[in-house]
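The values are calculated or read from the model by the stated rules, or taken from the named source; none is laboratory data. Here the structure is a predicted model, which means the values were calculated and not measured. No Cβ is skipped: glycine too gets one built from the backbone with ideal geometry, and neighbour counts run over all protein chains shown.
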Amino acid sequence: MKEIKYVITDPEGIHARPAGLLVKAAKEFTCDIKIAKDGKAMNCKAIFGIMGLGVKKGEEVTITFDGEDEDKACETINAFMQANL
Amino acid sequence: MKVYEGKSVYNGIAIGRIRLFSKDERQVKRVRVNDTDAELARYEEARKKSIEELAALYDKALKEVGEANAAIFEVHQMMLEDDDYNDSVKNIITSQGVNAEYAVAATGDNFSKMFASMDDDYMRERAADVKDISERVINVLSGSSSSDLTNDEPVIIVADDLAPSETVQLDKDKVLAFVTVHGSTNSHTAILARTMGIPALVNTPVDLDDDIDGCLAIVDGTKGAVYIDPGETMLEVMRENKARDDEQKKLLASLKGRENITIDGQKIKLYANIGNIKDLAKVIQNDAGGIGLFRSEFIYLESKDFPTEEEQFMIYKQVAETMAGKKVIIRTLDIGADKQCDYFNLKHEDNPAMGCRAIRICLTRPEIFKVQLRALFRASAYGNIAIMYPMITSLWEIDRIKEIVDEVRKELDEQGINYGNPEQGIMIETPAAVMMSYELASKVDFFSIGTNDLTQYTLAIDRQNTDLDMFYDAHHPAVLKMIAMVVDNAHKAGIWAGICGELGADRTLTKEFLAMGVDELSVSPASILPIRKTILETNVKEYKADKKC
């Protein structure tokens, strides 16, 4: 199991479009990926859950990876967050 | 005649009959089914078909309104691929033994309620997206097509609200204008209407009575009004306005995509001036070759405290990325004089135009300057950014700026932060800079002449003072000679020179500027195409010969 924490810098927070891209990126992996804010964890491969968290700029999210390809997934999603959010 | 006022999202006039656009508010019936497996299969098929439709819609939108606006349909596809959504539908079908239509409607309701209850305007608006995708699936399930326009005559669409998919699906040739009772100027539909170039009003309290269906109406996007059953006089006036408008638009559209080249082959760059990130759409719509003056002070004026490096970086990056490789010249902060910002705590001055402003603030308070420079250098890794320093009078100021820039680069290196290598130039807006332009040119990458301040400092006239009108001459030969001198000195040193002041947009001077060899004109977005027209009609050699006679 791997975990990263990331503070959103995008002024718009996690909007529909980046949420969609995040889902796309997460679906590339077989491991279980969850995104959590304030202890509320959601499936990172489903767009409604991510949008439902209503993550705004300056808020921290915790993303956990659990499964066979967790190392690669963690690395890819981390890079995705840095570049897009 | 009835008149309603709303918020205009796209200027222009449309005259035609109203088509009242109402969603099929069909009640979805809850029907018990025995074969839930068959029902699940029906849902799966309808869902797949809906995703296919959305993919087609995405392609249509991509061609008509661009990638950024089309993205919403990709998001819609993902919503239909969402496991939580699908599980909810399937669960309702199997656990309650009901039809797929009902399960989708119930799921759509639940999910849209979740968004509607969020404490964020943007997320609340997404409730409409959930309803939109759910209705699509229900339409597929019940075999009814969405309300297409079947009339032959183009119409003015009047609706309570329009979903983005409804806007894009409408056949553009059959729609003269949109008027909606709800919706904001920033809704997807408003953005789409703007990109499609269709007059549109939102937030218009039209009484959606069936009687207005088929009525003659005028939508005036310039005034933000819709006139239902207008009188003959009104119609006549509007027809004339519309004809003028159309001709202008047609003319300008024909100029889009053309090169800025004179009859005798001289080229000039036409860039846009912008004062806010919101103006980016206009820059693109008007076919600007780049941004010649991005007034960064809006970021400071709109904040209550010094904007952080990160905030600035995100804005500069967005502009650079949106312009996709086209030049974006960002002027460092030009606060002071008539632009005041409380948190800077600037001292009161008797003569602020000649006081502590622009680069003078930056050089006396380098800690503020460095934040902006760091953001600019970092953002320049994402596009073609150039940095422009305002209010230069002396050579040592450039030397000092370079020292600070070197410190910034060094710090970024040490912190391992990526940055680009932007061009750096200066504004020529003081007579001192004009007189020193030859020497200054060897130290910078480009000049941009700020004619507003240059005129005021050269003529010693406060432009706000109307009592001095008889002494004020925008085309004063002293100013024109200065421009010519700056351009000559720039070329001698091998750098380019442009004009970003109001004079640059003065079409009576375009020929003169071409004759001087000005390399770039940066003007308000709306001025770009009219100036292009003047350039295309100019023969510089003939103009110069005529002048000599």
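Can you find even one residue in the stretch A:60-78 that is under 11 Å from the mean Cα position of the chain (by Cα), part of a loop (DSSP other than H, G, I, E, B) and in contact (Cβ under 8 Å) with a residue 40 or more places away in the chain? No, the stretch A:60-78 contains no residue that is under 11 Å from the mean Cα position of the chain (by Cα), part of a loop (DSSP other than H, G, I, E, B) and in contact (Cβ under 8 Å) with a residue 40 or more places away in the chain. Of the residues B:Glu407, B:Glu411, B:Glu349, the single one that is surrounded by fewer than 16 Cβ atoms within 10 Å (Cβ to Cβ), part of a loop (DSSP other than H, G, I, E, B) and charged (D, E, K, R) is B:Glu349. Would you be able to say whether some residue in the stretch B:509-516 is touching a residue at least 24 places away in the same chain (Cβ under 8 Å), part of a loop (DSSP other than H, G, I, E, B), surrounded by fewer than 21 Cβ atoms within 10 Å (Cβ to Cβ) and hydrophobic (A, V, I, L, M, F, W, C)? No, because not a single residue in the stretch B:509-516 is touching a residue at least 24 places away in the same chain (Cβ under 8 Å), part of a loop (DSSP other than H, G, I, E, B), surrounded by fewer than 21 Cβ atoms within 10 Å (Cβ to Cβ) and hydrophobic (A, V, I, L, M, F, W, C). The set of residues in the stretch B:375-390 being surrounded by 22 or more Cβ atoms within 10 Å (Cβ to Cβ) and part of a loop (DSSP other than H, G, I, E, B) consists of B:Pro390 alone.
For every residue, the table says whether it meets (1) farther than 22 Å from B:Asp129 by Cβ; (2) among the aliphatic types (A, V, I, L, M); (3) in contact (Cβ under 8 Å) with a residue 24 or more places away in the chain.
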position: B:Met1; (1), (2), (3): yes, yes, yes
position: B:Arg17; (1), (2), (3): yes, no, yes
position: B:Leu20; (1), (2), (3): yes, yes, yes
position: B:Lys29; (1), (2), (3): yes, no, yes
position: B:Asp37; (1), (2), (3): yes, no, no
position: B:Lys49; (1), (2), (3): no, no, yes
position: B:Ala56; (1), (2), (3): no, yes, no
position: B:Ile72; (1), (2), (3): no, yes, yes
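Condition check for B:Gly265 on (1) over 18 Å from B:Gly16 (Cβ atoms); (2) under 22 Å from the mean Cα position of the chain (by Cα); (3) not acidic (Asp, Glu): one failure, at (2).
Across the stretch B:236-276, what is the total count of residues that are surrounded by 15 or more Cβ atoms within 10 Å (Cβ to Cβ) and in contact with a strand residue (DSSP E or B) (Cβ under 9 Å, 6 or more places away or on another chain)?
12
Whether any residue in the stretch B:526-537 is crowded, with 19+ Cβ neighbours inside 10 Å, touching a strand residue (DSSP E or B) at 6+ places or on another chain (Cβ under 8 Å) and among the charged types (D, E, K, R) is what I want to check.
Checked the stretch B:526-537: at least one residue is crowded, with 19+ Cβ neighbours inside 10 Å, touching a strand residue (DSSP E or B) at 6+ places or on another chain (Cβ under 8 Å) and among the charged types (D, E, K, R).
Give the number of residues within the stretch B:319-346 that are within 20 Å of B:Ser522 (Cα to Cα) and out of contact with any Pro (no Cβ under 6 Å at 6 or more places or on another chain).
We begin by selecting, within the stretch B:319-346, every residue within 20 Å of B:Ser522 (Cα to Cα); these are B:319-334.
Going one step further and asking which of them are out of contact with any Pro (no Cβ under 6 Å at 6 or more places or on another chain), we end up with B:319-330, B:332-333.
Of the residues in that region, 14 qualify.
The residue that is surrounded by the fewest Cβ atoms within 10 Å (Cβ to Cβ), counting only those in the stretch B:86-108 that are under 45 Å from the mean Cα position of the chain (by Cα) and of a type in the set (Ser, Thr, Tyr), is B:Ser88.
Tell me which helices (runs of 4 or more DSSP H) are completely within the stretch B:214-333 and hold 1 or more residues being under 30 Å from B:Lys511 (Cβ atoms) and more than 14 Å from chain A (Cβ to nearest Cβ), or say none if there are none. Spell out the reasoning first.
Details: elements: B:232-255, B:280-285, B:297-301, B:309-322.
So the answer is B:232-255, B:280-285.
The residues of the stretch B:477-495 that are under 32 Å from the mean Cα position of the chain (by Cα) and surrounded by fewer than 20 Cβ atoms within 10 Å (Cβ to Cβ) amount to a single one, B:Ile495. Among residues of the stretch B:103-119 that are more than 10 Å from chain A (Cβ to nearest Cβ), those with a beta-carbon under 6 Å from a residue that is outside any helix (DSSP H, G or I) and modelled with pLDDT under 85 at least six positions away or on a different chain give the pairs B:Ala105/B:Val28.
Among the residues of the stretch B:507-520, those that are in contact with a helix residue (DSSP H, G or I) (Cβ under 7 Å, 6 or more places away or on another chain) and closer than 16 Å to B:His491 by Cα comprise B:Leu514, B:Ala515, B:Met516, B:Gly517, B:Val518. If you go through the stretch A:54-76 one residue at a time, do you hit one that is modelled with pLDDT under 90, facing chain B (nearest Cβ under 8 Å) and under 22 Å from B:Ser117 (Cβ atoms)? Yes, that holds for at least one residue. For the stretch B:58-81, residues that are buried (at least 21 other Cβ atoms within 10 Å of the Cβ), within 21 Å of the chain's Cα centre (by Cα) and within 9 Å of chain A (Cβ to nearest Cβ) total 1. The numbered conditions (1) over 17 Å from the mean Cα position of the chain (by Cα); (2) among the hydroxyl-bearing types (Ser, Thr, Tyr); (3) in the same structural domain as B:Glu423 (by TED's automatic domain parsing) are all true for B:Ser254 except (3).
Out of the residues in the stretch B:120-143 meeting the condition of being hydroxyl-bearing (Ser, Thr, Tyr) and over 27 Å from the mean Cα position of the chain (by Cα), tell me which one is farthest from B:Leu162 (Cα to Cα). Write out each step before concluding.
The first filter runs over the stretch B:120-143 and keeps only residues hydroxyl-bearing (Ser, Thr, Tyr), leaving B:122, B:134, B:142.
This time we only want the ones that are over 27 Å from the mean Cα position of the chain (by Cα), so: B:134, B:142.
Working: B:Ser134: 15, B:Ser142: 21 Å.
Looking at residues that are hydroxyl-bearing (Ser, Thr, Tyr) and over 27 Å from the mean Cα position of the chain (by Cα), I get B:Ser142.
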